[in-house]
Amino acid sequence: RARSRNDGTSNTWRHSLEEYSQYVDREASSLPSQLQEATLTRSRVKTIPLFGNDGAIVPGVTFVKLDCEGAEIDILLSPNAREYKSWRDVTHLVFEWSFTKEKRVDVFHRAQKNLQDAGFHVFYDGQGSWWDTEPNVIWPFHSDLVVYAMRTNKSS
């Protein structure tokens, strides 16, 4: 399960859009309109790790759009994220850093450093103190950050 927001709100798209959604996962709930009569059906989904022999990154994959509802934080902070070989043939990476789940800028910088250690050049746009490397800086905005990373594949 991905991290919840800093305020304790559950981290799912369904929870964030609950008042607008036709999906309901509780009995006797009132719906905003009669048009929303569907109920939530839970399905088992097989998950696989990103890295490793059984992971999602397989030889030949060069572009990754990482979108894991906040789990990007833990993935990019993992020891595997800083190893060149973990990313195999990946040369381009795009992800959203969720400052609504992790507001400490130094944690973002640790993930950025992992990617740099794996050979990526990391780019992001924004304003304010996000580039500040002082300890204990808190993200001052109400938005997340889209991050782009690229590297040259050693086998090229």
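So, D67, is that one within 22 Å of V146 (Cα to Cα), at pLDDT below 95, surrounded by fewer than 14 Cβ atoms within 10 Å (Cβ to Cβ) and not small (G, A, S) or not? Answer is yes for this residue. Please count how many residues of segment 83-118 are part of a strand (DSSP E or B), open to solvent by 50 Å² or more (accessible area, probe 1.4 Å) and over 15 Å from A71 (Cβ atoms). Total meeting the criteria: 2. Give segment 128-137 a look and list any residue that's at positive phi and either open to solvent by 90 Å² or more (accessible area, probe 1.4 Å) or at pLDDT 80 or above (or both), or say none. Across segment 128-137, the qualifying residue is only N136.
Would you pick out the residues in segment 74-96 that are at pLDDT below 95 and touching a Lys or Arg at 6+ places or on another chain (Cβ under 9 Å)? Across segment 74-96, the qualifying residue is only D74. Can you tell me which residue within segment 138-150, out of those that are out of contact with any Phe, Trp or Tyr (no Cβ under 6 Å at 6 or more places or on another chain) and under 21 Å from Q116 (Cα atoms), is modelled with the highest pLDDT? Here the answer is M150. Within segment 135-156, the residues that satisfy the criterion of being in a loop (DSSP other than H, G, I, E, B) and hydroxyl-bearing (S, T, Y) are S143, T152, S155, S156.
The values are calculated or read from the model by the stated rules, or taken from the named source; none is laboratory data. Computed from a predicted structure; not experimentally measured. All Cβ positions, glycine included, derive from the backbone under ideal geometry; neighbour counts span all protein chains shown. What goes into the accessible areas is simple: the full protein's heavy atoms, side chains included, and nothing from ligands, DNA or RNA. Shrake-Rupley method; radii C 1.70, N 1.55, O 1.52, S 1.80 Å.
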